[in-house]
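Below: one structure, written as structure tokens.
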Amino acid sequence: MDGETDLFGNPVAPLPKREESRPPINDMDLIEKVLRSASRIGFVLVGIREDVYKRLSNDEVEKVPDHVDVAVHQLIEARWLEIGSTHHVRYGRYQGSARSVLVPRRSKQASYRWEALANPWNTVETERGRVA
């Protein structure tokens, strides 16, 4: 018997994986925002389709918009994000397991560098009137 069975021994058909391919995201602002959110807030992957949810608290999560979902999966495939261990989470009235999304050190450093390049003037310097 190769497939999974339910409590009564009946075969259970697995849920279908995503059929549609995810279009590539070329919006660098979105990619930077997703990397910052992954570092600060945190994401998890829920279910066989690996839908992306953001953390609201230690165990409560909320579904992200589709464009963020696509960007997270693109960053995972490009190895800018990694999949971690399994955690128990709550989403809506449901509970279940989810896999955490980890941000490697090199991705965090690149995100900090991009953020600094986007805002080259220090806010303290501009407040004093020293604009280059």
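Solvent-accessible surface (1.4 Å probe) assigned to L117 amounts to roughly 130 Å². Considering region 19-121 at the alpha-carbon level, its Rg and Dmax are found to be 13.9, 46 Å.
For region 24-80, report the accessible area per residue in Å² (1.4 Å probe, heavy atoms, rounded to an integer).
Normalised by residue count, the accessible surface of region 24-80 is 54 Å².
Placing dummy labels 7 Å off each Cα toward the beta-carbon, the span from S85 to Y112 is 2.5 nm. The residues packed around L30, meaning those with a beta-carbon under 13 Å from its beta-carbon, carry a net charge of -3 if Lys and Arg are +1 and Asp and Glu are -1.
Solvent-accessible surface (1.4 Å probe) assigned to E60 amounts to roughly 70 Å². Computed over protein heavy atoms with a 1.4 Å probe, the carbon and sulfur contribution to the accessible area of region 41-91 reaches 47%. When peptides 101-107, 72-78 are sorted by average Cβ neighbour count within 10 Å, with the highest value leading, the order is 72-78, 101-107.
The values are calculated or read from the model by the stated rules, or taken from the named source; none is laboratory data. Every value quoted in this text rests on a predicted model; they were computed, and no experiment measured them. Please note: Cβ atoms are built from the backbone with ideal geometry, for glycine as well, and neighbour counts cover all protein chains shown. With ligands, DNA and RNA removed, areas are computed over all heavy atoms of the protein, side chains included. Shrake-Rupley method; radii C 1.70, N 1.55, O 1.52, S 1.80 Å.
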